[in-house]
Amino acid sequence: MSTTRLPRRPRRSAAALPAAALAVALLAGCTGAGAGADSAEVAASDGGGSSDAAGGESGGDEAADMDLGAEARQVVTEGSVVLEVEDPRAAANDAALLVEHAGGRVAERVESAGSDPDGDSTASLVVRVPADEVSRVLEQLRQFGEVRDVQLTSTDVTGQVTDLDARVRALETSVGRLEVLLAEATTTQAVIEAEQTLTDRQEQLERLLSQRALLADRVEMATFRLEMWTADAVPQPAATGFWGGVSTGWESLVTAVGTVLLVVGVLLPWALAAGVVALLVIALRSRMRRQATTASPVATPPPAAPVGVGAPAQDDAPRD
């Protein structure tokens, strides 16, 4: 199918107005099929990206589209920062004020004095900072101490945002149509079915809107954990290589031995208690056995009389 190019309308003179009016009247009596064909041709002409219609403005349009795509990117920034400071608590207070002045907020704060208040105290903050203020905030954090480690990750979620927006628009359209159907329903069955379907669509729409709002908040506000340690409490990097393996094996052995000792320590009181109970049961059974033996002695039979002394001998032979 060829693409119809729409020519520009030239200015008509006053003498051509009656002819134009007659042409409009004739076109008004045409069927809707002709109008649909014209609309399809116009859409094809406009959306086909014809070089003739674009003219010399194609380069400018492409540059504008690229700029718009760059601005429309949705990126989630997360990470962590480790600082070595002299006083973690004071540094945590200063960092909280810095984040608040940048338009952010502190989502979590944990402070630990440690075993030695002057040596190994720590502080940890989870902060939310506007995405366009992350670089400035990280730069200003250097004035509180030495930055030992920085890990930031940026995740592009433009596809998720686009998908959620499309699903939200589709559900909004569906909800609007169902509301119209519910208003035009004439039977009870139709009203019940429309209400059930409308409720289901509204629940889906609310869930999608909640997900979209959460994702928009993550895009707008970067999240990272800020850990502050003293020089004695800063965790050392893990050893690598052969000696790193030896160190890891030794630590695992010590951990296993400690676990076994812990289990033995937990079971030892129970074993002692079970042993005491077993001794008591054995002693009780022995005592009961002795008492039973004393209470019922074995009876001895009387001695038999001697034969032929003081008594006639009995003839065992049968008599006639």
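The values are calculated or read from the model by the stated rules, or taken from the named source; none is laboratory data. Note that this is a predicted model, so its numbers are computed, not measured. For neighbour counting, all protein chains shown are included, and Cβ atoms are generated from backbone atoms with ideal geometry for every residue, glycine included. For accessibility, only protein heavy atoms count, side chains too; no ligands or nucleic acids. Shrake-Rupley method; radii C 1.70, N 1.55, O 1.52, S 1.80 Å.
Just a few scattered comments:
- Zone of Arg73's modelled label, taken as backbone nitrogen in segment 145-170 under 17 Å from a point 7 Å along Cα→Cβ: 152-162
- By accessible area, using a 1.4 Å probe on protein heavy atoms only, segment 173-236 has 50% of its surface on carbon and sulfur.
- Between Trp270 and Ser247, the simple spin-label model (points 7 angstrom out along Cα→Cβ) gives 3.8 nm.
- FRET efficiency, 1/(1 + (r/R0)^6) with R0 56 Å, evaluated for Val175 and Asp232 via beta carbons: 0.35
- Here the Kirkwood formula puts the hydrodynamic radius of segment 97-185 at 17.9 Å, using every distinct Cα pair.
- Within the shell of other residues whose beta carbon sits under 13 angstrom from the beta carbon of Val168, the net charge comes to +1, with Lys and Arg scored +1 and Asp and Glu -1.
- Efficiency of FRET from Cβ geometry, Arg225 and Asp132, R₀ 30 Å, rounded to 0.05: 0.90
- Once the chain from Glu111 to Met288 is taken as fully extended at 0.36 nm per residue, the excess over their C-alpha distance is 57.2 nm.
- Most to least packed among 134-147, 217-230 [average Cβ atoms within 10 Å]: 217-230, 134-147
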